[in-house]
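The values are calculated or read from the model by the stated rules, or taken from the named source; none is laboratory data. Predicted model only: the values in this text are computed from it and were never measured. Counting neighbours? That spans all protein chains shown, and the Cβs are built from the backbone with ideal geometry, glycine included.
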Amino acid sequence: MNLEHSVRHYGIDESHMIDSVLALPEHMEEAWRLAEPFTRAMSAWTSTLIVCGMGGSAIGGALLRDLIAREAVGSIYLERDYSVPGFADANTPVICVSYSGNTEEVLSAFENALSRGCPVGVITAGGMLEEEARRAGAPLLKVPGGMPPRAAIGYLFTPLLRLASSRGLFKLEEDEFRAVLRKTAKLLGKCSLEADLAGNSALQLAKRLYGKIPLIYSGNGLLQGASYRWKCQFNENSKSMAFRNVFPELGHNEVMAWDCPDKLRQDIFLILLTDRDDHPRVQRRMDLTFSLLGPLAGGAIKIESVGGEECRGRLARLLSILVLGDLTSVYLAVEYGQDPTPIGKIEEIKTLLKTEAE
């Protein structure tokens, strides 16, 4: 991309959201190092783990759940609410994740977990959650602050990944982890501001999405959480309506919505995210559904994750989809003339809730 395009980009992306996306490998490498003492402190994790979070602070738990689901003998529960599940007790470790440290749902879940006697750990950049964790003597990982929570995904996901690795739930050595980061950095480089336009798949997709509503479909395996991340990134970064669903369930209900009037379908851009580990019948369902629905939409694309078959390949494939979605959402924001960083309506609702509470 030439200098003129870079100047235009930063003229709109004033907070440089794209730089945070491109820095994901560096964030993950630093987070792996920072997480070492936290991993030791969370020795109570046995077979079940509850991760509490909201918005960008919750996605790390979803990614880990999908990443280890094929091999792990344990379970990861992602809780986006004010309390932990009813089964939580002294044998159920809980990790509360809030980048700001002031997310009211997570603060409530933290107190609820303590009241149930759960071993509780905290990942945050500060705020009230840090204070409460220190007061309770809970294991605490304080990560670098100053970013929107969605841009801090590397700092919020990687500690959970290292914790799973240390417990043998995901066989990932440190050198393998670094190899994945190098591969991810190469993918990011192909879609950076300096990259050649012809090879910048994120920018090309953003241009195709202009004026359309992204509808993201995936299987219910490795890419389930990643597809939700795509939806949320389009919402927050691009200030765009976006929706998402997963196979095989959507084949039993949502497909009938495509019998709507043509003028509605033409506003939809169908994005199908696929992975080699999707169940064979799910793969067949996706292929058939895409061939049926693609021509009905205002645009359609099928995207396959990139990486090997082993554990580190599985992580690489997950990150390949993650970074493509993040970059596409930032480029789409610029196409719309929107700064990706501000989240005015979210902050407005929080302010109104706080005012009511007072």
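See the values below:
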| read-out | value |
| --- | --- |
| Per-region count, the stretch 196-213, residues more than 21 Å from the chain's Cα centre (by Cα), among the small types (Gly, Ala, Ser) and at pLDDT 90 or above | 1 |
| Residue within the stretch 121-133 that is polar (S, T, N, Q), over 21 Å from residue 89 (Cα atoms) and modelled with pLDDT of 95 or more present | yes |
| Single match in 140, 160, 129 (criterion: buried (at least 17 other Cβ atoms within 10 Å of the Cβ), within 21 Å of the chain's Cα centre (by Cα) and either not hydrophobic (A, V, I, L, M, F, W, C) or not assigned by TED's automatic domain parsing to the domain that holds residue 325 (or both)) | 160 |
| Any hit, the stretch 201-222, residues being in a helix (DSSP H, G or I), within 21 Å of residue 78 (Cα to Cα) and either out of contact with any Cys (no Cβ under 7 Å at 6 or more places or on another chain) or free of Cβ contacts under 8 Å to residues at least 40 places away in the same chain (or both) | no |
| Identity of the residue in the stretch 336-358, β-branched (Val, Ile, Thr) and within 22 Å of residue 206 (Cβ to Cβ), that ends up modelled with the lowest pLDDT | 343 |
| Helices (runs of 4 or more DSSP H) completely within the stretch 108-192 that count 3 or more residues being within 27 Å of residue 346 (Cβ to Cβ) and not polar (S, T, N, Q) | 127-136, 153-166 |
| Test: residue 124 is farther than 13 Å from residue 138 by Cβ, buried (at least 23 other Cβ atoms within 10 Å of the Cβ) and either within 20 Å of the chain's Cα centre (by Cα) or of a type in the set (D, E, K, R) (or both) | no |
| Filter result for the condition that a residue is surrounded by 15 or more Cβ atoms within 10 Å (Cβ to Cβ) and at pLDDT below 95, over 193, 188 | 193 |
| Residue in the stretch 5-35 that is farthest from residue 190 (Cα to Cα), counting only those that are among the charged types (D, E, K, R) and at pLDDT 95 or above | 33 |
| Condition check for residue 84: more than 25 Å from residue 312 (Cα to Cα) and either among the polar types (S, T, N, Q) or at pLDDT 95 or above (or both) | yes |
| Any pair with Cβ under 8 angstrom, 6 or more apart, that starts in the stretch 11-37 at a residue that is farther than 18 Å from residue 236 by Cβ and ends at one that is in a loop (DSSP other than H, G, I, E, B) | 30/144; 31/143; 34/143 |
| Total residues in the stretch 285-301, condition surrounded by 15 or more Cβ atoms within 10 Å (Cβ to Cβ) and touching a strand residue (DSSP E or B) at 6+ places or on another chain (Cβ under 8 Å) | 9 |
| Sole residue being out of contact with any Ser or Thr (no Cβ under 8 Å at 6 or more places or on another chain) and in the same structural domain as residue 139 (by TED's automatic domain parsing), chosen from 67, 107 | 67 |
| Those helices (runs of 4 or more DSSP H) lying entirely in the stretch 244-339 with at least 2 residues of a type in the set (Gly, Ala, Ser) | 311-335 |
| Any chance residue 154 is in contact with a helix residue (DSSP H, G or I) (Cβ under 9 Å, 6 or more places away or on another chain) and surrounded by fewer than 24 Cβ atoms within 10 Å (Cβ to Cβ) | no |
| Single match in 278, 267 (criterion: of a type in the set (D, E, K, R) and more than 14 Å from residue 215 (Cβ to Cβ)) | 278 |
| Verdict on residue 87 being assigned by TED's automatic domain parsing to the domain that holds residue 143, farther than 25 Å from residue 323 by Cα and in contact (Cβ under 8 Å) with a residue 24 or more places away in the chain | no |
